[in-house]
Structures are given as structure tokens and as C-alpha cells.
Amino acid sequence: VEAVAEVVDSDQEFPLTAVGCVEYDAQQFGGDIAKIAVLMRGRIVRVPANYDPETRTYATSGAGTSNGIWDGTFKEAYTNNPAWVCYDIALNPYYGLGHRIDATMVDRWNLYRIAQYCDQMVPNGMGGMHPRMTCNIYLQKQADAYAVLQDLSAIFHGMSTWDG
């Protein structure tokens, strides 16, 4: 089984939270509680419409482009590129600064260049290649949003600044 989805029409105890449930026969595990591990990919965030997060490439033709360059439009996708994770936290009204700032207050054009830098493939020291910088975080508790942005920006050797 690669994926299972269930739609439940009811009030939720934990809105905007992913919940997993596994039902099994304990006898198949010797009567013990089974040890279960989950590989999470994380949130779906806004990324450039010309970006393929699987291949980490930025198209110069087709959707999201104009005359060979990014046209500034976005789509929703999973990514671990720290630039787009920062963009999401900056603009999300639920867990970020989205109730105080909007997209016009974020320099998406420079963020685009930063994201491309993060996506460049570099040697991993074992004969292979990996992206220059990735962000695989799990935020568990409330923290100052500006401090979180500063910490995330440090992943790509950047710094968040307020100019307003």
C-alpha cells in the first residue's frame, strides 16, 4: 500500500494536523505492541510554478515562465529547500507571520536566487551528490516567529530583516 486516504465529516480535535492510525492483530507481533516508524515529508508549501522539487530544477519554458524566466507565480508542493520553507513561515497566518505581513513585503525575487543556490548539487563526500542546503525540521513548540525565521535563514547563510 502506497497511500490511504479517509474523509471524515466531523469536528476535529486537532485542526491542521496530520494524524495517523494503524490497526493490527497483536498476535502477529507475539502479543506485544508493534514498533512503528513513520517517514514524514512535511508540509505542502508555495514554490515557484516553474520549480520541480523532485529534480530541484527551475524550468525556463512552460508554466510559471515568461520569456525564459520565472514569472513570479507559485504552486503548492512539498520541498525541503530552506528558502521556500522560510517563505512559508513568513506568510502563513496560522503558524507564521502571515497575520502581520503579506507577499508584497517579501522579496521573492531574491529568495528565488537563494533557493537556486540551495538546490545546487554538491559532492556528498562519498562519491555522490546532494543539494547544497536542505531544511528538514520538526517544530514542536511555540517560538517567536522572527527568531524562527532568523534560524531558518541561517541554513542558507542568510539573515531576515524587517524593513517596514
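Structural remarks
- Just one of the listed residues (GLY64, GLY68, GLY72) is at positive phi, surrounded by fewer than 18 Cβ atoms within 10 Å (Cβ to Cβ) and in contact (Cβ under 8 Å) with a residue 12 or more places away in the chain, namely GLY72.
- ALA49 being out of contact with any Lys or Arg (no Cβ under 7 Å at 6 or more places or on another chain) and either crowded, with 17+ Cβ neighbours inside 10 Å or aliphatic (A, V, I, L, M) (or both): no
- Within the range 67-164, helices (runs of 4 or more DSSP H) holding 2 or more residues that are among the aromatic types (Phe, Trp, Tyr) and within 15 Å of the chain's Cα centre (by Cα): 82-91
- When residues of the range 104-155 are limited to those that are polar (S, T, N, Q) and free of Cβ contacts under 8 Å to residues at least 24 places away in the same chain, the one farthest from ALA59 (Cα to Cα): GLN142
- Qualifying residue in the range 89-109 (condition: among the charged types (D, E, K, R) and touching a strand residue (DSSP E or B) at 6+ places or on another chain (Cβ under 8 Å)): no
- Total residues in the range 7-63, condition acidic (Asp, Glu) and at pLDDT below 80: 3
- Flag for ASP102 being surrounded by 12 or more Cβ atoms within 10 Å (Cβ to Cβ), acidic (Asp, Glu) and out of contact with any Asp or Glu (no Cβ under 7 Å at 6 or more places or on another chain): yes
The values are calculated or read from the model by the stated rules, or taken from the named source; none is laboratory data. Nothing here was measured: the structure is a model prediction, and the numbers come from that model. Virtual Cβ from ideal backbone geometry, glycine too; neighbours counted across all protein chains shown.
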